[in-house]
Amino acid sequence: MVGTLVFISNQPSAKKLAWITTFDKISPEHIIKVCAQEIVLFSAFFTNKMHNGYLRSYLLKIILFAELLIGYQLYLGGPLHIKWETLSPSAFMK
């Protein structure tokens, strides 16, 4: 009975629809679309800077970036501990 009264009293209208569309800027859909758009723009910029057509240059940049990440980790937390006994022999030799 209460649900029926709420349904009847809350009929959709153009005024209500216009009011609710003001909240589209904070909707999860809009936020995700904006974040996805920013990620695409950043990845396009980063890829354009990283790729110059030479594989050797691209691989060098990847290795340097990985070294920077490891250096940053060392700076933050001290030494990195590697469990040598858990590495497989083939992975260690390659």
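The values are calculated or read from the model by the stated rules, or taken from the named source; none is laboratory data. Quantities reported herein were computed from a predicted structural model and do not represent experimental measurements. Neighbour counts run over all protein chains shown; Cβ positions are idealised from the backbone, glycine included. These accessible areas exclude ligands, DNA and RNA; they are computed on the full protein's heavy atoms, side chains included. Shrake-Rupley method; radii C 1.70, N 1.55, O 1.52, S 1.80 Å.
Quick one: what pairs do we get from the range 1-25, first residue over 30 Å from CYS35 (Cβ atoms), second at pLDDT 90 or above and open to solvent by less than 90 Å² (accessible area, probe 1.4 Å), C-beta under 6 Å, 6+ apart or different chains?
none
Condition first: more than 22 Å from the chain's Cα centre (by Cα) and either hydrophobic (A, V, I, L, M, F, W, C) or open to solvent by less than 80 Å² (accessible area, probe 1.4 Å) (or both). Now tell me which residues in the range 65-76 satisfy that.
So in the range 65-76, the residues more than 22 Å from the chain's Cα centre (by Cα) come out as 71, 74-76.
The answer is GLY71, LEU74, LEU76.
Can you list residue pairs whose Cβ atoms sit under 7 Å apart, with the first residue in the range 28-52 being of a type in the set (Phe, Trp, Tyr) and the second being open to solvent by less than 100 Å² (accessible area, probe 1.4 Å)? Count only pairs 6 or more apart in sequence or on different chains.
From the range 28-52, no pairs qualify.
Check MET50 against each of (1) more than 30 Å from LYS61 (Cα to Cα); (2) surrounded by 10 or more Cβ atoms within 10 Å (Cβ to Cβ); (3) of a type outside the set (S, T, N, Q) and name the one condition it does not meet.
It is condition (1) that MET50 fails.
Only one of ILE39, ILE70 is in contact with a Leu (Cβ under 9 Å, 6 or more places away or on another chain) and modelled with pLDDT of 85 or more; which? Outline the logic, then answer.
Values: ILE39 fails: in contact with a Leu (Cβ under 9 Å, 6 or more places away or on another chain).
Answer to the check: ILE70.
Would you pick out the residues in the range 5-39 that are open to solvent by 100 Å² or more (accessible area, probe 1.4 Å) and of a type in the set (D, E, K, R)?
LYS15, LYS25, GLU29, LYS33, GLU38
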